[in-house]
Amino acid sequence: MLGSGSSTGNDNTGVVPMCFVWPYGGSRVYLSGSFTRWTDPIPMSPVEGCPTVFQVMCNITPGYHQPSYQSAFGWLIEIVVTEPSLLGMLLRTITATISIVLSSFHMMQYKFYVDGQWRHDERQPFINGTYGAVNTIFLTMEPTVVPSILNSEPRGRSRMDLDPEVIQGISEADVDISRQRISSFLSTHTVYELLPESGKVIALDVTLPVKQAFHVLHEQGIPLAPLWDSFKGKFVGVLSALDFILILTELGNHGPNLTEEELETHTISAWKQGKLHLNRQIDGNGRAYPRGLIHAGPYDSLKDVALKLLQNKISMVPVIHSLSRDGSFPQLLHLASLSGILKCICRHFRHSAGSLPILQQPICSIPLGTWVPQVGEPNGRPLAILRPNASLGAALSLLVQADVSSIPIVNENDSLLDIYSRSDITALARDKAYAQIHLDKMSIHQALLLGQDANTPYGFHNGQRCQMCLRSDSLHKVMERLANPGVRRLVVVEAGSKRVEGIISVTDVIRFLLG
């Protein structure tokens, strides 16, 4: 969209195309500035997929803005005249400096009119001028330069250049204070705070056929369920979407099609035994041994549970309570997750966010999440992305081999279309699709359509897909979004193009907050 104050003629010689971005929400947002002579505000449009971000593209003619230099340098001259002994020398230096600057640059001022109020972007350069606090930008005479208003960090700069232990724009003491306060809160609050006032928890018996378990997870819309062994009288494990990925991959390696009968003959218990052999968890006598059930108690601290989840690389643990000392007659109370813990943090500090300085930092300045190499700091592995025509088999293999929970789906310009997560595998239970598919012949796009209604836009079904953020968003804003029900990750996109720049999960945030 071109602003009304921009150059719209065929001859664009000498103009500088600039994209103005207001990333802080609103209903109606307008742009005004010295380039429009502060008249006829230009309407800004919300960015598709990011309703809180508004933008407009303008062609700016540098010559409009030269008069505003007087107010820009007024503060410097006022300081100079308070030192009479140095006045002559300093004024000569200042005059020469300003002459050089004015020969190469023009300064532009602008503000945003948001829902009836004049606002400026505090994260961008600004001065106090005739119209109050206004944002500023220096335009070079070279028309090919296109500054980015959204990102204060130059486009070519990479977080690869940042020290992973150093957070830009904040002292180490402030980081330590923020982490200590969060750690103290988590240490003094228990899992009981995660328990809802009402709800249900679904458990599966280990004698249940895998096929039926597959349907239960899909129909209930849950990513995993604890396993109950009636013979042993206790909970012995969990069945997750990853189990179904491994099952379908294993069965797919033994034939061109997955049959319903193959899934019917496999109980959950039989699959778990087979999985042990696949993972080579064998003791000294050649017998497979299961990993003990990872669980939590209602009196465990939130910090202990968070560390347990992070150390074991799992997303949830069953909260089990027994009145007996020997643990008999266990009661399943809840499934504790990092999402629930993050929600507790946000709720506790909602009205005292200022006590945590780290929350105000933009995510692009923090060693957090997984980023594409040219934008983000590498964490030992590249960001996994796929095209919509890639095979489902390729997506499942990447989820397992890269040890990730989701993969952004992008077009040829790397713009976000959708996201494929581990839990999406349960959609194959719909209409028994797993009995007819071939993993290497079904595309990711086709697989995602199985979980959507016919009238649902691609990439946004159930209202929870493709949750996005910008690299300029604060950590506090990202945490608030991740604390929403069903949101486990945010895809970092470029405003306007929706080009994928990174991905941040709940796990990334909790790991960073705990240091």
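The values are calculated or read from the model by the stated rules, or taken from the named source; none is laboratory data. The structure presented is a predicted model; accordingly, all values stated were derived computationally and were not measured. No Cβ is skipped: glycine too gets one built from the backbone with ideal geometry, and neighbour counts run over all protein chains shown. Ligands, DNA and RNA are excluded from the accessible area calculation, which covers all protein heavy atoms including side chains. Shrake-Rupley method; radii C 1.70, N 1.55, O 1.52, S 1.80 Å.
Of the candidates T259, T267, the single residue that is hydroxyl-bearing (S, T, Y), surrounded by 15 or more Cβ atoms within 10 Å (Cβ to Cβ) and either farther than 14 Å from I437 by Cα or modelled with pLDDT under 90 (or both) is T267. Considering the range 187-204, and only residues there that are in contact (Cβ under 8 Å) with a residue 40 or more places away in the chain, touching a strand residue (DSSP E or B) at 6+ places or on another chain (Cβ under 6 Å) and part of a loop (DSSP other than H, G, I, E, B), the residue that is nearest to V216 (Cα to Cα) turns out to be A203.
Taken over the range 297-320, residues that are over 19 Å from L224 (Cα atoms) and open to solvent by 40 Å² or more (accessible area, probe 1.4 Å) amount to 5.
Restricting attention to the range 169-186 and to residues that are of a type in the set (G, A, S) and part of a helix (DSSP H, G or I), the residue that is nearest to the chain's Cα centre (by Cα) turns out to be S178. Scanning the range 307-364 for residues that are of a type in the set (S, T, N, Q), farther than 23 Å from G237 by Cβ and in contact with a strand residue (DSSP E or B) (Cβ under 7 Å, 6 or more places away or on another chain) yields Q360, Q361. Within the range 217-234, residues that are in contact (Cβ under 8 Å) with a residue 12 or more places away in the chain reach partners that are open to solvent by 80 Å² or more (accessible area, probe 1.4 Å) with beta carbons closer than 7 Å, at six or more positions or on different chains, in the pairs H218/R430. Number of residues in the range 320-345 that are under 20 Å from G199 (Cβ atoms) and outside any loop (DSSP other than H, G, I, E, B): the value is 16. Going through the range 117-152 one residue at a time, which ones are at pLDDT 50 or above, surrounded by 14 or more Cβ atoms within 10 Å (Cβ to Cβ) and closer than 14 Å to Y24 by Cα? Hits for the range 117-152 are W118, R119, H120, D121, R123, Q124.
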